[in-house]
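Novice: One structure coming up, written as structure tokens, with questions to follow.
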Amino acid sequence: MQNISVIGAGIMGHGIAQIAALSGYNVVLRDINHDMLEKGLQNIDRSLNLMIKSEKITETEKKKCIQKIQVKTNLYESVKESDLVIEAIPEVLSLKQELFQQLDEICPPETILATNTSQLSVTLIGSKVLRKEKIIGTHFFNPVPVMKLVEIIKGLETSEETLQTVQTFCHTIGKETVVCNKDTPGFITTRLLLAQRAEAFRLYEEGVATIEDIDKAMRLAFKHPMGPFQLADLAGLDTGLKALTSMEENYGERFKSPTYLKQMVALGYLGKKKGKGFYEY
Ligand SMILES: NC(=O)c1ccc[n+]([C@@H]2O[C@H](COP(=O)([O-])OP(=O)(O)OC[C@H]3O[C@@H](n4cnc5c(N)ncnc54)[C@H](O)[C@@H]3O)[C@@H](O)[C@H]2O)c1
């Protein structure tokens, strides 16, 4: 495996492109929005500079990494030589299904098609493709260069060979893996994360504690590096609202989103990426 394509240059996509390129893969980062590609490259540059500062990489490694990344808007040009495509576009089933269908038509037959979905069904995302044994979930975590884990999700028809190839890829880019054997909503990690976040939202809604104190409690009592509100801001409140709504559809009331979250998203307070969410940045 040499050529990786990452579709979507947002919060997750640029990070995935960065770590794959750092490990020597040829990477094409594709977005439909040219500005997002520019922003993605700027974010990669910033992240690599931080890595130099903390002596994780050298200037030369940074240079090599950047040379390994091409950015494109044309889908065919982005994936025509790809061994592995990792999709990181918004968490909307119909969008992902449409993209996977296009990928199935234009990628070489041996290309593996992976999705970075945090909770949608991997099997449904790939339900319209012919190569169902080559569909898999690769759930990276934010920020990608820092977080050690990739949660791998087996779709109903994912082959053992695809699973092993993707596991090896993840290990070569310095990640640890866990395998979710059943393609159930939220897999392992999102189900645990959102159960905790929904409870934190309820604590605040009921006036039990402030946002700051709920976050502080999780940090200091349980050694979480961030509290649930801080993490929600980092991941994007729009993404978070969609995630909770979808989990509520599958598991009921325990994942219900509070009214104030819907209002914040409607007002464009989407968290760190917009400068304002539960906190100001
Ligand atoms: N944000 C997180 O913390 C996080 C963590 C784990 C997984 N995820 C998952 O990763 C995926 C991406 O999330 P994100 O937060 O990076 O989203 P984002 O909104 O930051 O970025 C999505 C990007 O996809 C682009 N896009 C939309 N349609 C496209 C298409 N057809 N082709 C190419 N590009 C397209 C958009 O222009 C945008 O730049 C989602 O499935 C999300 O659930 C997100």
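The values are calculated or read from the model by the stated rules, or taken from the named source; none is laboratory data. Here the structure is a predicted model, which means the values were calculated and not measured. Counting neighbours? That spans all protein chains shown, and the Cβs are built from the backbone with ideal geometry, glycine included. Heads up: the accessible areas ignore ligands, DNA and RNA and are worked out on the full protein's heavy atoms, side chains in. Shrake-Rupley method; radii C 1.70, N 1.55, O 1.52, S 1.80 Å.
Novice: Would you please list the contacts, defined by Cβ atoms under 9 Å and residues six or more apart or on different chains, that run from a residue in segment 201-214 that is modelled with pLDDT of 95 or more to a residue that is surrounded by fewer than 12 Cβ atoms within 10 Å (Cβ to Cβ)?
Specialist: Partner pairs satisfying both residue conditions: ARG202/VAL208; GLU205/THR259; ILE214/VAL208.
Novice: One residue is enough: does segment 111-125 have a residue meeting the conditions more than 21 Å from GLY10 (Cβ to Cβ), part of a loop (DSSP other than H, G, I, E, B) and away from the ligand (no atom under 14 Å from the Cβ)?
Specialist: yes
Novice: OK, next. What are the pairs with Cβ atoms under 9 angstrom where one residue, in segment 73-100, is assigned to a loop (DSSP other than H, G, I, E, B) and modelled with pLDDT under 95 and the other, located anywhere, is open to solvent by less than 40 Å² (accessible area, probe 1.4 Å) and more than 8 Å from the ligand (Cβ to nearest atom)? Sequence gap at least six, or different chains.
Specialist: If the second residue must be open to solvent by less than 40 Å² (accessible area, probe 1.4 Å) and more than 8 Å from the ligand (Cβ to nearest atom), the pairs left are GLU91/SER246.
Novice: Only one of these is touching a Phe, Trp or Tyr at 6+ places or on another chain (Cβ under 6 Å) and within 12 Å of the ligand (Cβ to nearest atom): ASP215, ASP233. Name it.
Specialist: Numbers: ASP215 fails: within 12 Å of the ligand (Cβ to nearest atom).
It is ASP233.
Novice: Does ILE173 satisfy the condition of being within 18 Å of the chain's Cα centre (by Cα), open to solvent by less than 40 Å² (accessible area, probe 1.4 Å), farther than 16 Å from GLY15 by Cβ and touching a residue at least 12 places away in the same chain (Cβ under 8 Å)? Walk me through how you get there before you give the answer.
Specialist: Working: within 18 Å of the chain's Cα centre (by Cα): yes; open to solvent by less than 40 Å² (accessible area, probe 1.4 Å): yes; farther than 16 Å from GLY15 by Cβ: no; touching a residue at least 12 places away in the same chain (Cβ under 8 Å): yes.
No: the conditions fail for ILE173.
Novice: Would a scan of segment 145-158 turn up a residue that is of a type in the set (Val, Ile, Thr), within 14 Å of the ligand (Cβ to nearest atom), out of contact with any helix residue (DSSP H, G or I) (no Cβ under 8 Å at 6 or more places or on another chain) and under 24 Å from ALA9 (Cβ atoms)? Let's see the steps before the verdict.
Specialist: Initial filter on segment 145-158 (of a type in the set (Val, Ile, Thr)): 146, 150, 152-153, 158.
Pick out the ones that are also within 14 Å of the ligand (Cβ to nearest atom) and you get 146, 150, 152-153.
Of the ones still in play, those that are also out of contact with any helix residue (DSSP H, G or I) (no Cβ under 8 Å at 6 or more places or on another chain) are 146.
Now narrow it down to the ones that are under 24 Å from ALA9 (Cβ atoms): 146.
Taking every residue of segment 145-158 in turn, at least one turns out to be of a type in the set (Val, Ile, Thr), within 14 Å of the ligand (Cβ to nearest atom), out of contact with any helix residue (DSSP H, G or I) (no Cβ under 8 Å at 6 or more places or on another chain) and under 24 Å from ALA9 (Cβ atoms).
Novice: While we're looking at this one, here's another question. Given the conditions (1) touching a Pro at 6+ places or on another chain (Cβ under 9 Å); (2) open to solvent by less than 50 Å² (accessible area, probe 1.4 Å), report the number of the one that LYS80 does not fulfil.
Specialist: (2)
Novice: Go through segment 176-211 and count every residue that is open to solvent by less than 40 Å² (accessible area, probe 1.4 Å), within 19 Å of the chain's Cα centre (by Cα) and of a type in the set (Val, Ile, Thr).
Specialist: Initially, segment 176-211 is screened for residues open to solvent by less than 40 Å² (accessible area, probe 1.4 Å), giving 177, 180, 183, 185-187, 189-190, 194, 197-198, 200-201, 209, 211.
After this cut, where a residue has to be within 19 Å of the chain's Cα centre (by Cα) as well, the list is 177, 180, 183, 185-187, 189-190, 194, 197.
Next, only the ones that are of a type in the set (Val, Ile, Thr) stay: 177, 189-190.
So the count comes out to 3.
Novice: I'm told VAL129 meets every condition in (1) open to solvent by less than 10 Å² (accessible area, probe 1.4 Å); (2) assigned to a loop (DSSP other than H, G, I, E, B); (3) in contact with a Lys or Arg (Cβ under 9 Å, 6 or more places away or on another chain) except one. Can you identify the failing condition by its number?
Specialist: So the condition that VAL129 fails would be (3).
Novice: Being touching a residue at least 40 places away in the same chain (Cβ under 8 Å) and open to solvent by 60 Å² or more (accessible area, probe 1.4 Å) is the requirement here; does ARG254 meet it? Write out each step before concluding.
Specialist: Details: touching a residue at least 40 places away in the same chain (Cβ under 8 Å): yes; open to solvent by 60 Å² or more (accessible area, probe 1.4 Å): yes.
For ARG254, the condition - touching a residue at least 40 places away in the same chain (Cβ under 8 Å) and open to solvent by 60 Å² or more (accessible area, probe 1.4 Å) - is met.
Novice: While we're on this one: Looking at segment 30-55, which of the residues that are more than 13 Å from the ligand (Cβ to nearest atom) and open to solvent by less than 60 Å² (accessible area, probe 1.4 Å) is nearest to ASN3 (Cα to Cα)?
Specialist: So, considering only residues that are more than 13 Å from the ligand (Cβ to nearest atom) and open to solvent by less than 60 Å² (accessible area, probe 1.4 Å), the one nearest to ASN3 (Cα to Cα) is ILE44.
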